């Protein structure tokens, strides 16, 4: 088991497009294994290779109802249908969440670890995760899909639940949100 280092915004690798994988090699299998370990360690639902410093078109997804992680090599969205607003976060943009537009259903083509191409129809959380991770492989972050700048907010963790005043200081939150969107804009250059 190897836990890989997470790349955090504004790391420029997050804005780079990953390269297609020609064939499944032992190195790709090891990368996938380490990515699954890292995703689980970070309590994520998905992870793209560039989030751990590799510019290969590889992603893994594991929703709570899955028995085994889904491995996606060279994934591409073939078709989308509908639109919905969902709340999203990202391991590479820690401490923030935002409201984004995602498809209701997606059809994706990818290669598995066995080297065979498969197609997958998905909805709900899996559709959202597929779009999110494939975006990563194309250098796109969820903050690029925000419904509005105001829909991005800082996550606050309450340690003392006896304190009834759970409000956060909006001025501090706004400064933090502005710095994240500024970092996102700067990393696009």
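The values are calculated or read from the model by the stated rules, or taken from the named source; none is laboratory data. Treat the numbers as computed from the prediction; the structure is a model and nothing was measured. Here Cβ is always computed from backbone atoms with ideal geometry, including for glycine, and neighbour counts include all displayed protein chains.
Below, the figures for the structure above:
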item	result
Tabulated pairs, region 73-96, first on the phi > 0 side of the Ramachandran plot and touching a residue at least 60 places away in the same chain (Cβ under 8 Å), second outside any strand (DSSP E or B) and loosely packed, with under 12 Cβ neighbours inside 10 Å, C-beta under 9 angstrom, 6+ apart or interchain	95/155
Yes/no for residue 98 being closer than 22 Å to residue 51 by Cα and in a strand (DSSP E or B)	yes
Residue within region 25-39 that is in contact (Cβ under 8 Å) with a residue 24 or more places away in the chain and not in a helix (DSSP H, G or I) present	no
Per-region count, region 17-44, residues under 23 Å from residue 144 (Cα atoms) and crowded, with 18+ Cβ neighbours inside 10 Å	3
Qualifying residues in region 76-105 (those that are more than 13 Å from the chain's Cα centre (by Cα) and more than 27 Å from residue 20 (Cα to Cα)) - the one surrounded by the fewest Cβ atoms within 10 Å (Cβ to Cβ)	83
Some residue of region 157-170 being at pLDDT 65 or above, surrounded by fewer than 19 Cβ atoms within 10 Å (Cβ to Cβ) and either assigned to a loop (DSSP other than H, G, I, E, B) or touching a strand residue (DSSP E or B) at 6+ places or on another chain (Cβ under 8 Å) (or both)	yes
Unique residue being in contact (Cβ under 8 Å) with a residue 12 or more places away in the chain, assigned to a loop (DSSP other than H, G, I, E, B) and either crowded, with 17+ Cβ neighbours inside 10 Å or under 13 Å from the mean Cα position of the chain (by Cα) (or both) when the list is 9, 14, 47	9
Residue among 59, 122 that is under 16 Å from the mean Cα position of the chain (by Cα) and either surrounded by 14 or more Cβ atoms within 10 Å (Cβ to Cβ) or closer than 20 Å to residue 15 by Cβ (or both)	59
